[in-house]
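Please see the structure below; I have some questions.
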Amino acid sequence: MSSVLFVALPLLFGFSTPILGYFGKNAVAYVSTLMQLFLLYLGFDLLLNEGFSIELISIAPPLGISFVVTKVSLLFVLLFTSVMTLFSLYYLSYRSEKPYRDESKFFILINMLLAASIGLVLSSDIFNIYVFFEIAGISAYILSAYEKSSSALEAGIKYLITGAVASIFLIFAIVLIYIYIGSLNLGIIAQHFELLPFQIKLLISILLLIGFGFKVEIFPLNFWVSDVYQGSSTLVNALFSAIVVKAYLFVFFHLLYLFLPHGEFSLFLIYLGAFSMLAAEVAGLRQSHLKRLFAYSSLGQVALVFTAFALQNTQAIQAALFIVLAHSVAKMGIFFALALIEKEHESMESETLKSLNSPFLRVILLISMLSLLGIPLFAGFVGKLLVLKSLALEGMLPIIMMIILASLIEAVYYFKLAGYMFTSDKRRDVLKVTWAHKTILAFLSLLLLIIGMAPFLLSEYLFEASKLMLGGVS
Amino acid sequence: MFEFFNSPEVINIIVIIGSMLLFFVGLFGLLTQKHIIKIFMSIAIMETAVYLFFIGSLFKLDAIAPIMKVADDTSKFNDPIPHAMILTAIVIAMAVFALGVSFAIEYYKLSGKTNIDTMNEMRH
């Protein structure tokens, strides 16, 4: 079975939408979901049959394009496919009450996003990475402006400007790499990169850091994130924090480990990550709008993952992968639940939670927030503990202090929200949640509890994945 | 009189200095302009500068077009990869700007604003 299917099938679906449209709106929605379920099946099939491979498409190297399936890239492919499948299943039930305008285009966009994120992770050719970087960007800009209200369009414009600037720096780096090395294949670049003069290495690294810095939401290049989250629709935010940023994070550190295997700028990146986390949580403390608040919480978590990846050792990467999984699941739960609350109350101010009368949603939100916070028995705990442990082994006390301080600040605003939820007045009618939504939300929370109580189920796979990622299989 | 402009070193230097100047013109515009369309134009100028830099610095004066039927001696060929890359990049950039301008028009219709400083729908 070919790994190209992961990119080809969602794109093919996009082209076949006009034909499917003749069979009615439901046909598009159901075929898209079925295709994603099929991709999920293919992913698990690869996992169980150990179908890890390097696959060449069309021409022989160094010119040919290749897709590399390893334990670590397969982990991300599975994460993206399952997030997207759950999103589609959730939306199938949501759309009967509040569908998006022009739905078939919406399905094209989410499938483009899926194809591009998977392509980013699998591709081992730097120009292909640029192309997928742009495809993921374009579909994310449109998704963010999809509701066509003035705040959605404002979010879309801001996202597009930062994205376009990021892509200039990325293509500049690629151009310099091609001029000095003469190849676009990641494996060949990795072999020759160390031999370059120091100034050129520094210039390329800075350009890559700026290019990806916008996309991995690192301080000070993350000023646009909160506006984009607030302007975009709540369901789409789940995709932004569970898929888009994770794909960019993986690619950035994949390139870093390949090009600079000895960790030349590691210390700088660790401080950058820890400082970003602290800055995000401090800014989050002042927010009253729920989507904006969770945008800052996403920034904090992503910065923690950034710090862990920047440590550049196996244990820290394993921790980062744990946080990536836990954060994706928790943020999906939160944004899915918030979408229901927004539909009912038509407001996203945090005071809204005071009038939330739904014990089920309260419990889901609480479990997700406790997991984000890293309370024992929840999924977020394992990752955070491992990060702190590997920082302690490296003797980086200031960083540990910064992370603990940031977590304390995070705790303040989560407990404020929890306080709102559990002192609510009961005069409103109970918010009705359909059984389909209940099943998905309960599944997500259960997943958080299972990972939190039995991390050993995953730890061996993640450890081998992190060894492969650090070893730089290209 | 202008013979020395034909030497590859001089052409390379002109291309590099010129494209870097263009890059900073774009960057200056990006940082100082407030109108959304002007910001898109500045970004487009920066991108063009990168494309010129790439094509110009790998350009050889005496090389020929890389077509196998014309000549068998591949050492005389110009490298086709930069051109293929830049063509792809131009297409992508055009798509992004078309999208951006359409966002800007829709936004103007809804709110009547074109200045990026007054775009603060959400900070209240």
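Below 14 angstrom from the Cβ of A:PHE106, what's the summed charge of the other residues (Lys, Arg +1; Asp, Glu -1)?
Taking every Cβ under 14 Å from that of A:PHE106, the sum is +3.
Can you list the residues of region A:263-277 with backbone N under 14 Å from a point 7 Å past the Cα of A:PHE198, pointing along Cα to Cβ?
Taking a point 7 Å out along Cα→Cβ of A:PHE198, the residues of region A:263-277 whose backbone N falls under 14 Å are A:264-265.
Now, a different point. What trypsin sites (Lys or Arg not before Pro) does region A:252-349 have in DSSP loop regions with at most 15 other beta carbons within 10 Å?
A:ARG286
Ok, one more. Hey, how many Å between the Cα centroid of region A:1-45 and the Cα centroid of region B:44-88?
38 Å
Next question, about the same structure. Calculated FRET efficiency, A:ILE375 and B:LEU110, Cβ-Cβ r, R0 60 Å, to nearest 0.05? Each step should come with its number before you reach the end.
Working: r = 43 Å, r/R0 = 0.72.
In this case the efficiency is close to 0.90.
For B:ASP79 and A:SER53, what does the FRET efficiency come to when R0 = 22 Å and r is the distance between their Cβ atoms, rounded to the nearest 0.05?
Computed FRET efficiency for B:ASP79 and A:SER53 comes out at 0.10.
Could you work out the relative contact order of region B:3-117? I mean the mean sequence separation of Cα pairs under 8 Å and 6+ apart, divided by the number of residues, in percent.
For region B:3-117, the relative contact order is 26 percent.
Follow-up question, since we're still on this one. Inside 10 Å of the C-beta atoms of A:158-168, what's the mean count of C-beta atoms belonging to other chains?
6
Mind listing P(r) for the protein assembly as shown? All alpha-carbon pairs, 10 Å bins, whole percents.
P(r) for the protein assembly as shown, in whole percents per bin: 3, 16, 27, 27, 17, 6, 2, 1, 0, 0.
Continuing with the same structure: If you add up the charges near A:GLY119, with Lys and Arg at +1 and Asp and Glu at -1, over every other residue whose beta carbon is less than 12 angstrom from its beta carbon, what do you get?
-2
While we're looking at this one, here's another question. Take the alpha-carbon positions of region A:393-451, form their convex hull, and give its projected area averaged over all directions (one quarter of the hull surface) in nm².
With the hull built on Cα positions only, its mean projection is 6.7 nm².
Ok, one more. So what are the radius of gyration and Dmax for the Cα set of region B:3-117, in Å?
Computed over the Cα atoms of region B:3-117, radius of gyration and Dmax are 19.0, 61 Å.
Structure shown: which of A:LYS71/A:LYS438; A:LYS331/B:LYS38; A:LYS215/A:LYS438; A:LYS71/A:LYS246; A:LYS105/B:LYS34 lie over 26 Å apart, alpha-carbon to alpha-carbon? Write down the numbers at each step before the final one.
On the way: A:LYS71/A:LYS438 32 Å; A:LYS331/B:LYS38 37 Å; A:LYS215/A:LYS438 33 Å; A:LYS71/A:LYS246 16 Å; A:LYS105/B:LYS34 32 Å.
The pairs that break the limit, which is 26 Å between Cα atoms, are A:LYS71/A:LYS438; A:LYS331/B:LYS38; A:LYS215/A:LYS438; A:LYS105/B:LYS34.
Also: DSSP loop GluC sites (Glu not before Pro) in region A:128-236 with at most 13 other Cβ atoms within 10 Å of their Cβ, which ones?
A:GLU194
Work out how much length A:HIS262 to A:LYS416 would gain on full extension: take 0.36 nm times their residue separation and subtract the Cα-Cα distance, in nm to one decimal.
So the extension gain works out to 51.1 nm.
Just so you know, all these numbers are worked out from the coordinates, no wet-lab data involved. For clarity, every value in this text was computed on a predicted model and none was experimentally measured. Backbone-built Cβ (ideal geometry, glycine too); neighbour counts: all protein chains shown.
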